[in-house]
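The values are calculated or read from the model by the stated rules, or taken from the named source; none is laboratory data. Since this is a predicted model, take the numbers as computed values, not measurements. No Cβ is skipped: glycine too gets one built from the backbone with ideal geometry, and neighbour counts run over all protein chains shown.
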Amino acid sequence: MNVTKKDIIKNINKESLLTIADGTILLESFLLFIKEQAKSNKVKLSNFGTFSFKKTLKRIGRNPKTKDSYIIPQSRKLNFKPSNKIKEKIN
């Protein structure tokens, strides 16, 4: 099941007294906060999980259609590790 930002905003609107516009601002500012803080430190939300940036190494990629090789540059990806309580609820 995929959950979009619109789904989250609608749920915020339904569960609270916030309007859709206010819910959008709340969600966007929360996501921006997580991204900015995770650049320098791990961001741990108790009973939910930890956000951090992870470096991916430079590697060789291939176009499956033409079989041409190219180098995929090093990059940083936002990583999420769920807490044990979240893992228990999922499994």
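Scan K77, K81 and give me the residue that is loosely packed, with under 10 Cβ neighbours inside 10 Å and within 21 Å of K5 (Cα to Cα).
Among K77, K81, only K77 is loosely packed, with under 10 Cβ neighbours inside 10 Å and within 21 Å of K5 (Cα to Cα).
For T56, which of the numbered conditions (1) within 22 Å of I8 (Cβ to Cβ); (2) touching a Lys or Arg at 6+ places or on another chain (Cβ under 7 Å); (3) of a type outside the set (D, E, K, R) fails to hold?
(1)
Mind checking which residues of the range 1-42 are surrounded by 13 or more Cβ atoms within 10 Å (Cβ to Cβ) and not in a helix (DSSP H, G or I)?
Residue satisfying the conditions is L18 alone.
Residues of the range 5-28 being closer than 21 Å to N79 by Cβ and either in contact with a helix residue (DSSP H, G or I) (Cβ under 7 Å, 6 or more places away or on another chain) or hydroxyl-bearing (S, T, Y) (or both), which ones?
K5, I8, L27
Being over 15 Å from the mean Cα position of the chain (by Cα), modelled with pLDDT under 90 and aliphatic (A, V, I, L, M): is that true of I72 here?
In short, no.
For a quick check of your reading of the model, give me the residue pairs whose first member lies in the range 40-64 and is at positive phi, whose second is modelled with pLDDT of 90 or more and of a type in the set (F, W, Y), with beta-carbon atoms closer than 6 Å and at least 6 apart or on different chains.
Pairs found: G49/F80.
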